[in-house]
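*Asks:* My structure is below; once you've seen it, I'll send some questions.
Bear in mind these aren't lab numbers, they're just calculated from the coordinates by the rules spelled out. Quick caveat, the model's predicted, so the values are computed rather than measured. Cβ sites come from the backbone with ideal geometry, for glycine too, and all protein chains shown count toward neighbours.
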Number of protein chains: 2
Amino acid sequence: MKTMIDMNKAAMVLKLLGDQTRLTMVKILDQHDCCVCEFVEIFNVSQPSISQHLRKLRDVGLIEEERKGQWIFYSINKANEYYPFVESVLERLPSQDEKLQELEEKGTRIICC
Amino acid sequence: MKTMIDMNKAAMVLKLLGDQTRLTMVKILDQHDCCVCEFVEIFNVSQPSISQHLRKLRDVGLIEEERKGQWIFYSINKANEYYPFVESVLERLPSQDEKLQELEEKGTRIICC
DNA sequence: GCATTATATAAGCATGTAGTTATATACTTA
DNA sequence: TAAGTATATAACTACATGCTTATATAATGC
């Protein structure tokens with residue numbers, strides 16, 4: 001039995017995911033925690049733009065933040081009511097691990113604490 | 001093995017589905033063909049607004065039109081490259097059959113040919 | 001304490017979106 | 001053929017969105 005979701009909530013979540021930056025962020029976060037500066041490097045946009053995307057995802061509770069020293073790490077919130085729905089979308093998307101791989105090769109991946 | 005979809009195509013499709021009117025249309029069309037005037041009655045918006053939503057869905061090939069006399073019927077295009085992805089979203093949505101049910105009770109459902 | 005780094009927020013701007021009204025096109029029926 | 005019904009398109013408008021730059025806040029390290 002699959003988890004159902006209200007039409008209006010579903011449309012809201014799909015709209016959130018209907019942006020290439022946010023969709024990729026969520027796909028990455030589903031596998032790995034990430035900090036803001038990593039996203040800034042992955043996507044070719046300004047830091048405020050990244051913060052604003054993260055805020056939208058956090059506002060609906062789909063991701064959570066945790067400060068670790070100087071950095072703020074974001075992670076997926078699997079307990080969120082929309083997560084099962086989001087997960088069924090993410091399953092259809094190719095892994096974005098190579099984006100973090102590139103950071104590691106450049107030595108800019110933040111491994112903290 | 002699930003069908004995969006490019007990130008940019010996925011974001012484009014999710015954006016299309018991230019509107020309550022279009023999402024509901026696609027959910028209905030996944031089960032029943034429908035003509036424009038039925039959608040006009042179901043959603044509380046003008047006929048041009050409905051036509052514009054249908055056009056967006058048709059432009060990516062997700063739905064098809066077929067004229068039947070005076071009416072133009074739309075149907076889902078299961079052969080479309082995005083359909084498997086869309087289907088996995090629709091599976092999580094509650095049936096919208098009651099909307100067509102209401103039309104039948106009012107006697108305004110178009111059964112044609 | 002001061003400079004540096006990381007992040008968030010505010011403000012402004014250009015573009016996109018969803019709706020409307022007006023009008024054109026196409027089919028049906030008297 | 002004329003009137004009515006169904007649909008699409010064009011033009012316009014209000015509002016949303018995603019980006020930018022500027023600035024504020026917070027932690028780090030000298």
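*Asks:* Which whole number gives the average count of other chain Cβ atoms within 10 Å of the Cβ atoms across peptide A:25-33?
*Replies:* For peptide A:25-33, the averaged partner shielding equals 0.
*Asks:* If you don't mind, another one. Any chance you could get the radius of gyration and Dmax over the Cα atoms of the protein assembly as shown, in Å?
*Replies:* Cα only, the protein assembly as shown: 20.2, 69 Å (Rg, Dmax).
*Asks:* Oh, and also: Grab the eigenvalues of the alpha-carbon gyration tensor for region B:42-92, scale each by 5, take roots, and send me the semi-axes largest first in whole angstrom.
*Replies:* 21, 14, 10
*Asks:* Calculate the mean, over all residues of peptide B:92-99, of how many other protein chain Cβ atoms lie within 10 angstrom of the residue's Cβ.
*Replies:* Counting other chains' Cβ atoms within 10 Å and averaging over B:92-99 gives 3.
*Asks:* OK, next. From the label point of B:Glu91, set 7 Å from Cα along Cα→Cβ, how far away are the matching label points in the other copies, in nm, ordered shortest to longest?
*Replies:* In nanometres, ordered from closest: 0.5.
*Asks:* Let me ask something additional. How big is the charge dipole of chain A about its Cα centre, in debye rounded to the nearest 20, if each Lys and Arg gets +1 on its Cβ and each Asp and Glu gets -1 on its Cβ?
*Replies:* The dipole of chain A has a size of about 320 debye.
*Asks:* Which distances in nm, rounded to one decimal and ordered from shortest, link the label point of A:Thr3 to the equivalent label points in the other identical copies, with labels set 7 Å from Cα toward Cβ?
*Replies:* Ordered by increasing distance: 2.5 nm.
*Asks:* Quickly estimate the mean residue ellipticity at 222 nm for chain B, helices only: each DSSP H run with n ≥ 4 gives -39500 (n - 2.57), and the total goes over all residues, rounded to 500.
*Replies:* -15000 deg cm²/dmol
*Asks:* What shape does region B:70-109 have by the C-alpha gyration tensor, where a ≥ b ≥ c are the square roots of the eigenvalues, rounded means a/c under 1.5, and otherwise prolate means a/b greater than b/c and oblate the rest?
*Replies:* Oblate, because a/c is 1.5 or more while a/b does not exceed b/c.
*Asks:* Which number do you get for Rg(Cα) / (2.2 N^0.38 Å) in chain A?
*Replies:* Ratio of Cα Rg to 2.2 N^0.38 Å: 1.06.
*Asks:* Still on this model: For the protein assembly as shown, what is the charge dipole size about the Cα centre, in debye to the nearest 20, if Lys and Arg each add +1 at the Cβ and Asp and Glu each add -1 at the Cβ?
*Replies:* 360
*Asks:* Over region B:16-79, what is the relative contact order in whole percent, taking alpha-carbon pairs under 8 Å and six or more residues apart?
*Replies:* In percent, rounded to a whole number, it is 36.
*Asks:* From the backbone phi of region A:37-50, what are the Karplus-calculated ³J(HN,Hα) couplings (6.51 cos²θ - 1.76 cosθ + 1.60, θ = phi - 60°) in whole Hz, Gly and Pro given as x?
*Replies:* The phi angles translate into 5, 5, 5, 4, 6, 5, 9, 8, 9, 5, 4, x, 4, 4 Hz.
*Asks:* Here is a further query. Taking B:Asp19 in one copy and the same position in all the others, each labelled 7 Å out along Cα→Cβ, what are the pairwise distances from the first, in nm, shortest first?
*Replies:* Nearest to farthest, the other copies are at 1.8 nm.
*Asks:* Separation between the B:Asp19 and A:His32 pseudo-spin-labels, each 7 Å from Cα along Cα→Cβ, expressed in nm?
*Replies:* Inter-label distance under the simple model: 3.6 nm.
*Asks:* Now for a different question. How high is the relative contact order of chain A, in percent, counting Cα pairs under 8 Å that sit 6 or more residues apart?
*Replies:* The normalised contact order for chain A reaches 30 percent.
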